[in-house]
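A short reminder: the numbers here are calculations on the coordinates, not readings from a lab. Bear in mind the structure is a predicted one, so any value in this text is a computation, not a measurement. When we count neighbours, we look across all protein chains shown, and the Cβ atoms used for this are built from the backbone with ideal geometry, even at glycine.
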Amino acid sequence: MNTFFHFFITLFLFRILSFFMPKLFPTAYLLTVFSVIPDLDNFYRITKVKYSKYHRKTLHNVYFSMIIPLFFSFMFKEQQIFFLIGFFTYFFHLLCDLIYGETKVFFFWPLKKKSYIWKNKDYKIDKKLTWILAVIDFVLFGMI
């Protein structure tokens with residue numbers, strides 16, 4: 001799944017939720033970055049280094065979805081809220097890849113070598129949908 005789609009769908013959801021919890025969600029906008037962290041293990045595409053055997057393994061697992069938000073939560077006053085939103089954002093990326101992704105996700109790697117993928121693949125998220133979502137977000141909510 002496209003990394004930009006992860007970013008825009010998370011941003012869109014946070015903007016909608018901010019109507020219901022306005023005090024909580026300035027932090028949530030910052031945490032949108034957690035929606036793209038799992039794709040950093042896709043580094044080989046940028047550098048052209050053969051790194052593909054680690055994509056959807058290294059950062060695409062439940063352990064990192066807890067460890068990374070926990071690590072960053074120590075920098076903020078509201079640590080529990082930061083951790084929960086960070087975990088939700090990170091884990092939402094994993095779920096989107098599991099359901100809409102074209103390759104398998106290693107949810108429990110390195111402790112378990114089994115990979116998972118949603119079997120019913122009648123739909124696909126493409127770049128057009130990503131840009132449509134970005135335009136809708138911009139029209140509804142503006143730049144901020």
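Just a few scattered comments:
- Listed peptides 1-12, 106-117 by packing density, highest first (mean Cβ within 10 Å): 1-12, 106-117
- Hypothetical label at Phe20: residues of the range 62-86 whose amide nitrogen lies under 19 Å (7 Å Cα-Cβ projection): 81-86
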